[in-house]
Amino acid sequence: MLKNRPARDVRDAIDRGQYSLGIEGQVIRIEPNMVSFSTTMPDNVIGARFEQGDLYIDFNMTPELEAEGFAREIIRRIQQMRKDMKLNVEQYINCDVKAEPYLLELFETWRDHISTEVRAKKLTFTDSPDGQEVKTWDVTSKDIVIGITPAEQ
């Protein structure tokens, strides 16, 4: 029954002297010498102690994090293409992207952000990307084809 209680509540009460637990009508006193506490990290969580405190990093990959990561990758690739084409920073582009359906779903959730970051007037997900510059990128072993063209002002 003690294991089913919130550990922090039990520890706080024991730090004050004792913790009482009702079992079958009797009150059982749990004293500091009767228990010990240990801290364990969930799977995929790493902890480190520093002078200023503790740091915990959760390495679990959620669909939201995966979508954000791929969005950042596509933004980086489009920005590189803009640079290679020597486009003015303020110049708008039209952009076509081809990728596997799962990635397109991830990109769709970040469409507005991607468009804003790369200054795309039009961002199209298509099976046949077109543009003044078309390039295939390997992003974590997945091919993404990007085509960009300067947009008409």
Quiz item: What lysines could a cross-link reach from K122, if we take a straight Cα to Cα line under 26 Å and drop same-chain neighbours fewer than 8 places away?
Solution: K83, K86, K98, K135, K142
Quiz item: Which semi-axes, in whole Å and largest first, does the equivalent ellipsoid of the chain have when worked out from the alpha carbon gyration tensor as the square roots of 5 times its eigenvalues?
Solution: 57, 16, 13
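Can you give the alpha-carbon Rg of the stretch 1-59 over 2.2 N^0.38 Å, where N counts its residues?
Compactness ratio reported: 1.50.
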Quiz prompt | Compactness index (Cα Rg / 2.2 N^0.38 Å), the stretch 84-133 | solution = 1.17
Quiz item: If we count chymotrypsin sites (Phe, Trp or Tyr not before Pro) as exposed when they sit in a DSSP loop and have at most 13 other beta carbons within 10 Å, what is the longest stretch of the chain that avoids them all?
Solution: 60-153
Quiz item: Among the GluC sites (Glu not before Pro) within the stretch 68-153, which fall in a DSSP loop and have no more than 13 other Cβ atoms within 10 Å of their own Cβ?
Solution: E90, E152
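So, by mean Cβ neighbours within 10 angstrom, what's the order for 6-17, 77-88 with the highest one leading? Mind showing how you got there, number by number?
On the way: 6-17: 11.8, 77-88: 15.1.
My ranking of the peptides, most packed first, is 77-88, 6-17.
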Quiz prompt | Where a label projected 7 Å from the Cα of I30 along Cα→Cβ would reach, residues of the stretch 1-24 with amide N under 13 Å | solution = 1-23
Quiz item: Once Lys and Arg get +1 and Asp and Glu get -1 on their Cβ, which of L87, M1, A151 lies farthest toward the positive end of the dipole of the chain?
Solution: M1
Practice problem: Any chance you could run the full-extension gain for A151 through S38? It's 0.36 nm times the residue separation minus the Cα-Cα distance, nm to one decimal. | Solution: 34.6 nm
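Read the figures in this text as sums done on the coordinates, not as results from a lab. Keep in mind that this is a model prediction, so the values were computed, not measured. Here Cβ is always computed from backbone atoms with ideal geometry, including for glycine, and neighbour counts include all displayed protein chains.
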